[in-house]
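Down below is the structure, laid out as structure tokens.
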Amino acid sequence: MNREKYKIDVIQTVLNNWKGFFIPYEMALYELESDFNIIDLEWKAKYGYSPIEHLKTRMKTLTSLIEKIERKDLPLTQEAIKQEIRDIAGVRIVTSFIEDVYLLKEHIEHREDIRLIRVKDYIKEPKNSGYKSLHLLVETQVILSNEIIWVPAEIQIRTTAMDFWASTEHKLNYKYQGESIPEEAQKQLFELSNASFLLDKEMSKLRHQLLSGETILNE
């Protein structure tokens, strides 16, 4: 059986037999989106400023899920997938400043309805490609009519500059799907990642000056 036929058969099996499997993940996304929208409104009212520029939720597609099952060589069972694949539900939060990335992380750490399971800090330790973002693996509380469940999700927090860079890299990877991105393009991407990080640091300096009431002088 060829790979594409296998993938189609697996997807059909999931669609036919796994009714309801994805519903808890959808509930988790509703819960997280609501939580962060409330944070946004509260901080704007209290401080006149919110670190959240914009927020996006996503569910891993069936095709993407099947590919991850294959990469991890997992048995096609709900139990194995629940244990081993923790990013079926995802939230991406974009901020203006690097400091706001860690401000949101600190807030998440202190919430009683979110458990922080693992942190991957690609800002302090970027990927070889130049990718920068803070990835948090969490479990969020979902209150049902007769029980409380904890559902895994991934929260990615990054600055506007990091998000723009990641979007560009994604488009290049899509264009060269199945092939390597040309070396010159890879080099340019890496250099642009460094340049965008310098922009983030300069914006942070400006933020500190504005918040401290200092006069901003031209050098």
| query | Could you give the distance between the Cα centres of the stretch 12-31 and the stretch 103-132, to the whole Å? | reply | 26
| request: Jot down the radius of gyration and Dmax of the chain, Cα atoms only, both in angstrom. | output: 20.1, 69
| query | Which whole-number value in Å² is the accessible area per residue of the chain, probe 1.4 Å? | reply | 63
| said: Would you calculate the convex hull of the Cα atoms in the stretch 58-148 and tell me its volume per residue in Å³? | reply: 143
| Peptides 130-136, 115-121 ordered by average Cβ neighbours within 10 Å, highest first | 130-136, 115-121
| Relative contact order for the chain, counting Cα pairs under 8 Å that sit 6 or more residues apart, in percent | 19
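Would you kindly state how much longer the chain becomes between Tyr49 and Glu202 on full extension, computed as 0.36 nm times their sequence separation minus their alpha carbon distance, in nm to one decimal? Walk me through the numbers on the way to the answer.
Working: separation 153, 0.36 × 153 = 55.08 nm, distance 1.96 nm.
Net length gain for the segment: 53.1 nm.
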| task | For an R0 of 25 angstrom, estimate the FRET efficiency from the Cβ-Cβ distance between Trp150 and His110 and round to the nearest 0.05. | result | 0.90
| Expressed as an acute angle from 0 to 90° and rounded to the nearest 10, what is the orientation of the C-alpha long axis of helix 160-175 relative to the principal long axis of the chain? | 40
| message | Considering only protein heavy atoms and a probe of 1.4 Å, how much of the accessible area of the chain is carbon and sulfur, as a whole percent? | response | 51
| the chain: angle of helix 3-17 to the longest principal axis, Cα-based, in degrees nearest 10 | 80
| If you line up the long axis of helix 23-47 against the longest principal axis of the chain, both from Cα atoms, how many degrees apart are they, to the nearest 10? | 10
| task | Under a cut-off of 23 Å between alpha-carbon atoms, report the lysines in cross-link reach of Lys44, not counting same-chain residues fewer than 8 places apart. | result | Lys56, Lys105, Lys205
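The values are calculated or read from the model by the stated rules, or taken from the named source; none is laboratory data. These numbers come from a predicted model, not from an experiment. Glycine gets a Cβ as well: all are built from the backbone with ideal geometry, and neighbour counts include every protein chain shown. Only protein heavy atoms, including side chains, enter the accessible area calculation; ligands, DNA and RNA are left aside. Shrake-Rupley method; radii C 1.70, N 1.55, O 1.52, S 1.80 Å.
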